[in-house]
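Asker: Can you read through this structure? Questions will come right after.
The values are calculated or read from the model by the stated rules, or taken from the named source; none is laboratory data. The model shown is predicted, which means the values in this text are computed figures rather than measured ones. So basically every Cβ, Gly included, is an ideal-geometry build from the backbone, and we count neighbours across all protein chains shown.
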Amino acid sequence: MKNNKEIIDKKLQKMRDLQEQSRLGGGEKRIADQHKKGKLTARERVELLLDRCSFREMDALAYHHSSEFGLDKQVFLGDGVITGFGEIDGQKVFIFSQDFTVLGGSLAAEHGRKICKIMDMALKNGCPVIGLNDSGGARVQEGVISLGAYADIFLRNTLSSGVVPQISVIMGPCAGGAVYSPAMTDFTIMVKKTSYMFVTGPKVVKTVTHQDFTSEELGGAMTHASKSGVAHFTAENDMDALEIVKKLTSYLPANNADDPPFLQNDDPTDRADEELNYIVPANPNQPYDMHDVIHKIADLGEFLEVHKDWAQNIIVGFCRLGGRSVGVVANQPAFLAGCLDINSSRKAGRFIRFCDAFNIPILTLEDVPGFLPGAEQEWGGIITNGAKLLYAYCEATVPKVTVITRKAYGGAYDVMNSKHVRGDLNFAWPTAELAVMGAKGAVEIIFKKEIDVADDPAKREAELIAEFDDKFAHPYIAASYGYIDDVIEPSQTRRRVIEAFNLLENKVDKNPPKKHGNVPL
Ligand code: HXC
């Protein structure tokens with residue numbers, strides 16, 4: 001009869017063997033293949049992302065129970081996805097990481113159930129979900145069961161939306177309906193050259209449209225970061241992508257009932273910046289880079305830009321002000337003169353709704369000549385799309401502070417967090433111009449007849465423009481109506497916006513009770 005120790009040791013050994021088998025995923029050769037493609041393995045990614053030794057795996061010993069098409073001979077512990085929880089800079093997160101070395105990371109019943117399990121736990125416990133995607137999509141052998149498993153995830157993406165932050169990192173293929181899970185999360189990060197996303201791949205596109213594209217052209221990281229806006233961030237490689245996740249989560253609360261993290265730093269809250277006084281050119285048609293303004297105001301000059309390469313006429317992203325996480329929405333006069341168009345409205349609207357859902361105050365920096373004119377914009381639905389941005393600002397109840405640096409013209413004045421849409425504290429620089437339109441356009445409309453009959457029409461027009469500028473191209477009429485709360489010296493902007501957000505710290509504002517609004521989708 002074996003002694004007690006021998007029996008226990010055998011059981012321990014069995015557990016360790018199974019765990020080791022699970023850790024190996026698809027085996028050494030497939031791991032080597034993964035590395036050859038310049039990709040880390042699913043497990044390496046999890047370990048790099050999470051704080052050292054914080055990862056606790058769940059369902060490492062789960063496997064599929066299918067025998068279709070020879071699957072009974074391809075059983076891998078873990079079933080092609082690593083799931084569990086851990087910490088990023090001390091903040092609890094749930095994570096799944098698809099393992100391409102196991103059946104191409106394909107998703108079926110068990111794989112999907114594992115993801116759903118951690119999503120359910122994340123929702124109950126109020127923790128962010130990070131998904132590292134590297135998958136050939138629905139596991140063909142498991143047929144419709146795979147499709148059902150995807151739908152189970154989509155449902156959870158939707159139910160979690162606005163409750164816990166969801167971040168997707170695309171680190172390999174992501175095709176077909178599989179793309180809709182990342183699309184429903186809050187942020188998508190794509191790795192350059194090794195990841196792609198499309199509903200139908202290059203072969204189908206060629207058959208249907210006779211157009212030839214590589215995977216990279218059709219759905220690579222830069223395509224989605226610059227053309228479609230599907231990707232919020234691009235990364236040079238896997239490590240870089242994981243660093244972006246860490247930076248991003250440092251600005252986010254764990255859930256919608258939590259405050260965003262407050263990170264003290266030694267940048268003085270009253271730091272003045274004289275250069276801001278002269279940053280706006282005297283000529284209203286001359287551009288300047290709004291990034292410079294953001295960097296001068298933000299703690300330590302740090303700004304995590306979201307959607308950097310898409311709809312560059314508006315800038316959105318996160319910074320800290322006096323240690324507090326703040327979402328920044330800023331018109332960019334250096335691109336399309338800072339006009340609002342379809343894409344910039346969608347970009348900023350979605351960002352504002354994210355910030356509002358997660359209690360992140362919003363700073364708006366405004367220099368906007370209006371909505372972009374043109375048939376392309378009209379036919380593309382600038383009305384509905386512009387309304388998304390307007391709706392997002394109107395609906396948001398987080399602290400909202402605006403600084404108008406130069407132009408606040410037309411409908412865009414209303415949209416960009418004016419007092420009328422519940423801006424809490426609205427400041428203007430002395431260079432601000434709040435008007436229905438610029439002086440030239442206004443004079444052409446109001447004084448057309450007078451200019452036409454003048455002896456020297458050009459001279460008369462110039463005089464009228466100067467007069468109009470004198471009368472309206474400043475912030476003082478708006479100030480006289482309380483449409484702005486104060487005209488401030490630009491150099492003092494950092495101090496004033498930090499004071500404003502401190503003041504608004506305990507702001508309470510509510511929308512009428514409803515099932516949900518009908519955002520102009
Ligand atoms: C089962 C799959 C698979 C899948 C890959 N594999 N995708 N197994 N179901 N969907 C397996 C391969 O058979 C192979 O196994 C291993 O994973 C690695 O794949 P390779 O083809 O050798 O790798 P690579 O050359 O890098 O090509 C990767 C790939 C290709 C581009 C992803 O595998 C591919 O095209 N796969 C099919 C993609 C697809 O059509 N998926 C369905 C999309 S529709 P062996 O054992 O041979 O090494 C979809 C619907 C979702 O997902 C709907 C939700 C509503």
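Asker: If you scan segment 138-174, which residues turn out to be of a type in the set (Ser, Thr, Tyr) and part of a loop (DSSP other than H, G, I, E, B)?
Answerer: Let us first name the residues in segment 138-174 that are of a type in the set (Ser, Thr, Tyr), namely 146, 150, 158, 160-161, 168.
If the condition is that a residue be of a type in the set (Ser, Thr, Tyr) and part of a loop (DSSP other than H, G, I, E, B), then Ser161 is the only one that fits.
Asker: Of all residues in segment 44-67, which are over 19 Å from Gly26 (Cα atoms) and not aromatic (Phe, Trp, Tyr)? Break it down into steps so the answer makes sense when it comes.
Answerer: Of the residues in segment 44-67, the ones over 19 Å from Gly26 (Cα atoms) are 48-56.
Answer for segment 44-67, where residues must be over 19 Å from Gly26 (Cα atoms) and not aromatic (Phe, Trp, Tyr): Leu48, Leu49, Leu50, Asp51, Arg52, Cys53, Ser54, Arg56.
Asker: Still on this structure, I have one more. What's the number of the condition Lys73 fails, among (1) within 24 Å of Val140 (Cα to Cα); (2) modelled with pLDDT of 95 or more; (3) charged (D, E, K, R)?
Answerer: Status for Lys73: all satisfied but (2).
Asker: Among all residue pairs at least 6 apart or on different chains, which show Cβ distances below 6 Å where the first residue, located in segment 138-164, is in contact (Cβ under 8 Å) with a residue 24 or more places away in the chain and closer than 12 Å to His111 by Cβ and the second is more than 12 Å from the ligand (Cβ to nearest atom) and not in a loop (DSSP other than H, G, I, E, B)?
Answerer: Once the first residue is in contact (Cβ under 8 Å) with a residue 24 or more places away in the chain and closer than 12 Å to His111 by Cβ and sits in segment 138-164, its partners that are more than 12 Å from the ligand (Cβ to nearest atom) and not in a loop (DSSP other than H, G, I, E, B) give Ile145/Ala109; Ala149/Ala109; Asp152/Cys116; Ile153/Ile115.
Asker: So which residues in segment 64-98 are crowded, with 18+ Cβ neighbours inside 10 Å and part of a loop (DSSP other than H, G, I, E, B)?
Answerer: His64, Ser66, Phe76, Leu77, Gly78, Asp79, Gly80
Asker: Taking the condition of being surrounded by fewer than 21 Cβ atoms within 10 Å (Cβ to Cβ) and assigned to a loop (DSSP other than H, G, I, E, B), how many residues in segment 380-397 meet it?
Answerer: Number of matching residues: 3.
Asker: Just a yes or no: is a residue in segment 403-421 touching a strand residue (DSSP E or B) at 6+ places or on another chain (Cβ under 6 Å), in a loop (DSSP other than H, G, I, E, B) and either closer than 18 Å to Gln492 by Cα or β-branched (Val, Ile, Thr) (or both)?
Answerer: No, that holds for no residue.
Asker: Then there is this: Does Thr101 satisfy the condition of being in contact with a helix residue (DSSP H, G or I) (Cβ under 7 Å, 6 or more places away or on another chain), surrounded by 20 or more Cβ atoms within 10 Å (Cβ to Cβ) and farther than 19 Å from Asp152 by Cβ? Talk me through it step by step, then tell me what you get.
Answerer: Details: in contact with a helix residue (DSSP H, G or I) (Cβ under 7 Å, 6 or more places away or on another chain): yes; surrounded by 20 or more Cβ atoms within 10 Å (Cβ to Cβ): yes; farther than 19 Å from Asp152 by Cβ: yes.
Answer is yes for this residue.
Asker: Further question on the same structure: Evaluate the following for Ile118: is it in contact with a helix residue (DSSP H, G or I) (Cβ under 6 Å, 6 or more places away or on another chain) and either without any contact (Cβ under 8 Å) to a residue 60 or more places away in the chain or among the β-branched types (Val, Ile, Thr) (or both)?
Answerer: On the way: in contact with a helix residue (DSSP H, G or I) (Cβ under 6 Å, 6 or more places away or on another chain): no; either without any contact (Cβ under 8 Å) to a residue 60 or more places away in the chain or among the β-branched types (Val, Ile, Thr) (or both): yes.
The answer is no for Ile118.
Asker: Also: Among the residues of segment 356-379, which ones are assigned to a helix (DSSP H, G or I) and more than 22 Å from His224 (Cα to Cα)?
Answerer: Asp356, Ala357, Ala375, Glu378, Trp379
Asker: Does Ala60 count as modelled with pLDDT of 95 or more, within 16 Å of the ligand (Cβ to nearest atom), of a type in the set (Gly, Ala, Ser) and farther than 23 Å from Gly177 by Cβ?
Answerer: no
Asker: Kindly indicate whether any position in segment 263-277 is out of contact with any helix residue (DSSP H, G or I) (no Cβ under 9 Å at 6 or more places or on another chain), surrounded by fewer than 18 Cβ atoms within 10 Å (Cβ to Cβ) and hydrophobic (A, V, I, L, M, F, W, C).
Answerer: No; the residues of segment 263-277 include none that is out of contact with any helix residue (DSSP H, G or I) (no Cβ under 9 Å at 6 or more places or on another chain), surrounded by fewer than 18 Cβ atoms within 10 Å (Cβ to Cβ) and hydrophobic (A, V, I, L, M, F, W, C).
Asker: Sticking with this structure for a sec: Which residues, counting only those in segment 244-282, are among the basic types (Lys, Arg) and over 16 Å from Glu489 (Cα atoms)?
Answerer: If the condition is that a residue be among the basic types (Lys, Arg) and over 16 Å from Glu489 (Cα atoms), then Lys246, Lys247 are the ones that fit.
Okay, residues lined up against (1) within 12 Å of the ligand (Cβ to nearest atom); (2) farther than 27 Å from Phe351 by Cα; (3) touching a helix residue (DSSP H, G or I) at 6+ places or on another chain (Cβ under 9 Å):
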| residue | (1), (2), (3) |
| --- | --- |
| Pro173 | yes, no, yes |
| Ala178 | yes, no, yes |
| Phe187 | no, no, yes |
| Lys193 | no, no, yes |
| Lys203 | yes, yes, no |
| Lys206 | no, yes, no |
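Residue by residue, here is whether (1) within 16 Å of the ligand (Cβ to nearest atom); (2) farther than 25 Å from Gly177 by Cβ; (3) among the aromatic types (Phe, Trp, Tyr) holds:
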position	(1), (2), (3)
Gln34	yes, no, no
Leu50	no, yes, no
Gly80	yes, no, no
Thr83	no, no, no
Asp89	no, yes, no
Phe94	no, no, yes
Gly104	yes, no, no
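Asker: Considering only segment 1-40, state which residues are among the acidic types (Asp, Glu) and free of Cβ contacts under 8 Å to residues at least 12 places away in the same chain.
Answerer: Within segment 1-40, Glu6, Asp9, Asp17, Glu20, Glu28 meet the criteria.
Asker: Any residue at all in segment 154-166 that is surrounded by fewer than 24 Cβ atoms within 10 Å (Cβ to Cβ), away from the ligand (no atom under 13 Å from the Cβ), under 17 Å from the mean Cα position of the chain (by Cα) and of a type in the set (A, V, I, L, M, F, W, C)?
Answerer: Among the residues of segment 154-166, at least one is surrounded by fewer than 24 Cβ atoms within 10 Å (Cβ to Cβ), away from the ligand (no atom under 13 Å from the Cβ), under 17 Å from the mean Cα position of the chain (by Cα) and of a type in the set (A, V, I, L, M, F, W, C), which makes the answer yes.
Asker: What about Gly112, is it within 16 Å of the ligand (Cβ to nearest atom), at pLDDT 95 or above, under 27 Å from Met239 (Cα atoms) and of a type outside the set (Ser, Thr, Tyr)?
Answerer: Considered against the rule, which asks whether it is within 16 Å of the ligand (Cβ to nearest atom), at pLDDT 95 or above, under 27 Å from Met239 (Cα atoms) and of a type outside the set (Ser, Thr, Tyr), Gly112 comes out as yes.
The rows are residues; the columns are (1) over 24 Å from Glu395 (Cβ atoms); (2) without any contact (Cβ under 8 Å) to a residue 60 or more places away in the chain.
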site: Glu274; (1), (2): yes, no
site: Pro281; (1), (2): yes, yes
site: Asn313; (1), (2): no, yes
site: Phe351; (1), (2): no, yes
site: Val368; (1), (2): no, yes
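Asker: Among the residues of segment 205-261, what is the count of those that are part of a helix (DSSP H, G or I) and within 19 Å of the chain's Cα centre (by Cα)?
Answerer: Counting residues in segment 205-261 that are part of a helix (DSSP H, G or I) and within 19 Å of the chain's Cα centre (by Cα) gives 20.
Asker: Within segment 124-152, work out how many residues are within 14 Å of the ligand (Cβ to nearest atom), crowded, with 22+ Cβ neighbours inside 10 Å and among the aliphatic types (A, V, I, L, M).
Answerer: Looking only at that region, the number is 2.
Asker: Take Thr364 and tell me if it is closer than 19 Å to Glu499 by Cβ and touching a Phe, Trp or Tyr at 6+ places or on another chain (Cβ under 7 Å).
Answerer: So Thr364 fails the test.
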